[in-house]
Amino acid sequence: MSKELISGAEALMRSLIHEGVDTIFGYPGGAIMPVYDALHDHQDKIKHILVRHEQGATHAAQGYARVSGKTGVALVTSGPAATNAITGIADAMIDSTPMVVIIGQVGAALLGTDAFQETDVVSITQPITKWSYQVRNAEDLPGAIARAFYIAREGRPGPVVIDFAKNAQIAKLEYSYKKCTFIRSFVPVPDVEPWSIEAAAALINSAKKPFALIGQGVILANAEKELNAFLEKADIPAGWTLLGSSAMPTEHRLNKGMLGMHGNIGPNIKTNECDVLIAIGMRFDDRVTSDLNTYAKQARVIHFDIDPAEINKNVKAEVAVLGDAKQTLELVTEKLNAAKHTEWIDSFTEYEQTEQEKVIEPELNPTSHEISMGEVIRKVSEATENKAVLVTDVGQNQMMASRYFKFTQSRSMVTSGGLGTMGFGLPAAIGAKIGAPDRTVCLFTGDGGMQMTIQELGTILQEGTGVKMIILNNNFLGMVRQWQELFFNDRYSETHMKNPDFIMIAQAYGIKGRSVSQREDLDGAIAEMLSDDQPYLLEVKVETKGMVYPMIPTGASISNILLGDK
C-alpha cells in the first residue's frame, strides 16, 4: 500500500501539533500562503491570533511563553515581514525566551535573485538566534521543526527561526515525525561537577555575610521551591534582577528587593559589603553591576548558571556551579549547614528605612495634587490582591512598576529586560493573557511606548483579549527626560509628546476606557477596570516631571546612589 503524500505546509501543521502547539501569533502574506491554507484545516487544534504587525506577533509569542512556560510560536511571511519580526527575535534572545518563528521565503529557485520580498533571513538572524535554518525541500521540514523546538526550549532557552521556502511548502512528502531528544555536539545542560557542589557549599558554610542575587534562570528552571529551601536553610538574604522578579514572593523575609540602576538601596549597597556573593541564573548585566571596577571586589563569588559562556564574562567567579538550577540548588542545599545570619540581615534595615522615608513614602503618598506613577501601580497591585501578571513597556513605567508592584507567585512579570524594547508591552500583554487566561493581566505603559505598537488594539478588538491597559501619561518620553534633567542641564530635546485622545482611540476599537487626572477618581476607575474580564484602557495623567529614584548613574559605583529630593 502506498504511503500518504502531504504538502510541506500540511506537514508543518502536523509537526506543530506533535509538539503540543495550540496557539500561533501571526500575519499572513504571499510567501507563507500555502501554510495559512493548511492552517485553515486545523483551526480546531491550533488557534491563530491575527496580530496587526509582525513585531507584535513575536512580542505576543514572548508574553505567551513567559507566563505559560511553553514555547511561543510566531508565523510571518518573507521580506518586510521577516525584518519586522527581527526586534522580537533579538528581544527573545537576550531575555532567554523560548520561541520558534516560522518565516515564509521565496521559492528555492529564486533565492539570491533579489526576488520580490526576498530577504536573507538566515544571515540576518544567525547572530540573534540559537539556530536559524532554511528549509528548501519539503522532506526536510519535519526534522527541522523537531530540532527547532528542542533547541528553543532545552538548556538556556531562546529563539529559533525556520525560513520556509515556498516551493517546500507546496511540494509533497511522505510524512513521519519523531521528536528530537538529542543533537550531537549540542549540550544544553552541562553535567554537574561534584567538586563545584562541595566547593560552593563549603564557601557558603564559612560565610558571615552571604548575599544571593536571583535571576530569571531560577524561573526558567522552575526552581522556585529549591531556591526557597536554599535561602532559608542557610538564612541568606537575596536581591533580584528585573527578570528575576516574582521568583520569590515580595513579602518573603529574605527578599531584600531589586538590584541595579533603579533598584533598592539595601541590596545594591550590601553587594559591596557581603563576603560571599551567590549569583543564581543571572548574567551580571551592566544595569546591575554598573562600574565593574568597583563591583563586589571584597566578595568571593559563586555563580550558578546553565550557560558556561556566562561564567567569568563580566564578574570573575571563584566557584562556578554549572547545570540546571533546580538540580544544582538542591544538591548544594543538602550540604549546607543550617545557619542564622540575624545581625547581617538586620543590617539591611537602616537602608530600608532610609529608602522608605526619602523615596517610597513620597512616591506612594505625594503631597502634590499631581498623581504619581508609584501610587497608581501600588493601587492596581493591591486591588488585584497582588496576584496579577504584571506586563510593562520600557521606560519610567517599567522601573516604577517593578519597584511598586507586588508578587505572590512566580511567572508574574513580563518585560523587555536586555533589549529594552519600547512597544513591547501591549502585544506582550495580549500574549500573556492568552497564555494565562485565568489570571488578571495588567499592562503598565507610557504614552510613548503605547503608540509604538498601538495598532495591536485591533488584535484585542478581534480576539476580545481581556487585558487591563494602564497608560501612565506624562506627555513625555519620561526616562529620557529624566536623564536630560540630571545630565543634560534640563535641555529637553525632543522628549515632549503631544498625544492623541487615547480613550477615543480605544472606543474606536470597541474597548471600554476612562481617563483620570484627579486622585479622588483613581480608586473608582481601577475598580471599574477590574470589574469584569473585558479589555479596558485606563489612562492616568501623572505628574509631568516625575523621577525614578533611587538611581545609580551609568558607569558610577553602586554605592553612589541618587535618592532625589522628594
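Things to note:
- Any hit, the stretch 363-380, residues being open to solvent by 30 Å² or more (accessible area, probe 1.4 Å), under 26 Å from Gly423 (Cα atoms), within 28 Å of the chain's Cα centre (by Cα) and touching a residue at least 40 places away in the same chain (Cβ under 8 Å): yes
- Tally of residues being farther than 20 Å from Leu231 by Cα and out of contact with any Gly (no Cβ under 6 Å at 6 or more places or on another chain) across the stretch 191-215: 4
- Figure legend. Inter-residue proximity from the stretch 161-188: first residues more than 28 Å from Thr83 (Cα to Cα), second residues open to solvent by less than 20 Å² (accessible area, probe 1.4 Å) and assigned to a strand (DSSP E or B), beta-carbon distance below 9 Å, spacing 6+ or different chains. Indicated pairs: Lys172/Ile6; Leu173/Ile6; Glu174/Ile6; Tyr175/Ile6.
- Meets criteria (surrounded by fewer than 22 Cβ atoms within 10 Å (Cβ to Cβ) and in contact (Cβ under 8 Å) with a residue 24 or more places away in the chain) for Leu322: yes
- The single condition from (1) open to solvent by less than 50 Å² (accessible area, probe 1.4 Å); (2) not in a helix (DSSP H, G or I) that Ala82 fails is (2).
- Considering the stretch 466-552, the qualifying helices (runs of 4 or more DSSP H), each wholly inside and each with 3 or more residues that are open to solvent by less than 70 Å² (accessible area, probe 1.4 Å), under 21 Å from Met400 (Cα atoms) and of a type in the set (A, V, I, L, M), run over 522-530.
- Scanning the stretch 7-37 for residues that are of a type in the set (Gly, Ala, Ser), in contact with a strand residue (DSSP E or B) (Cβ under 7 Å, 6 or more places away or on another chain) and farther than 20 Å from Arg147 by Cα returns Gly26, Gly29, Ala31.
- Screening the stretch 6-31 for residues that are under 25 Å from Ala115 (Cα atoms) and in a loop (DSSP other than H, G, I, E, B) and picking the one that is least open to solvent (accessible area, probe 1.4 Å) gives Gly29.
- Residue list for the stretch 31-59, restricted to those being under 27 Å from Ser7 (Cβ atoms) and either among the charged types (D, E, K, R) or in contact with a Phe, Trp or Tyr (Cβ under 6 Å, 6 or more places away or on another chain) (or both): Asp37, Asp41, Asp44, Lys45, Lys47, Ile49, Val51, Glu54, Ala57
Rundown of residues vs (1) basic (Lys, Arg); (2) touching a Ser or Thr at 6+ places or on another chain (Cβ under 9 Å); (3) over 22 Å from Thr241 (Cβ atoms), yes/no style:
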residue: Val160; (1), (2), (3): no, yes, yes
residue: Ala165; (1), (2), (3): no, no, yes
residue: Cys180; (1), (2), (3): no, no, yes
residue: Arg184; (1), (2), (3): yes, no, yes
residue: Val187; (1), (2), (3): no, no, yes
residue: Glu198; (1), (2), (3): no, no, yes
residue: Asn205; (1), (2), (3): no, no, yes
residue: Gln216; (1), (2), (3): no, yes, no
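- From Glu343, Glu357, Glu385, residue being among the charged types (D, E, K, R), without any contact (Cβ under 8 Å) to a residue 24 or more places away in the chain and under 30 Å from Ile434 (Cα atoms): Glu385
The rows are residues; the columns are (1) assigned to a helix (DSSP H, G or I); (2) at positive phi; (3) modelled with pLDDT under 95; (4) crowded, with 24+ Cβ neighbours inside 10 Å.
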{"position": "Val218", "(1), (2), (3), (4)": "yes, no, no, yes"}
{"position": "Asn222", "(1), (2), (3), (4)": "no, yes, no, no"}
{"position": "Glu226", "(1), (2), (3), (4)": "yes, no, no, no"}
{"position": "Ala229", "(1), (2), (3), (4)": "yes, no, no, no"}
{"position": "Lys233", "(1), (2), (3), (4)": "yes, no, no, no"}
{"position": "Gly239", "(1), (2), (3), (4)": "no, no, no, yes"}
{"position": "Leu243", "(1), (2), (3), (4)": "no, no, no, yes"}
{"position": "Ala247", "(1), (2), (3), (4)": "no, no, no, yes"}
{"position": "Thr250", "(1), (2), (3), (4)": "no, no, no, no"}
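- Ser368 satisfies every condition listed in (1) farther than 22 Å from Thr440 by Cα; (2) in a helix (DSSP H, G or I) except (2).
The values are calculated or read from the model by the stated rules, or taken from the named source; none is laboratory data. The structure presented is a predicted model; accordingly, all values stated were derived computationally and were not measured. Note that each Cβ is placed from the backbone with ideal geometry, even for glycine, and that neighbours are counted across all protein chains shown. All accessible areas refer to the heavy atoms of the entire protein, side chains included, with ligands and DNA or RNA removed. Shrake-Rupley method; radii C 1.70, N 1.55, O 1.52, S 1.80 Å.
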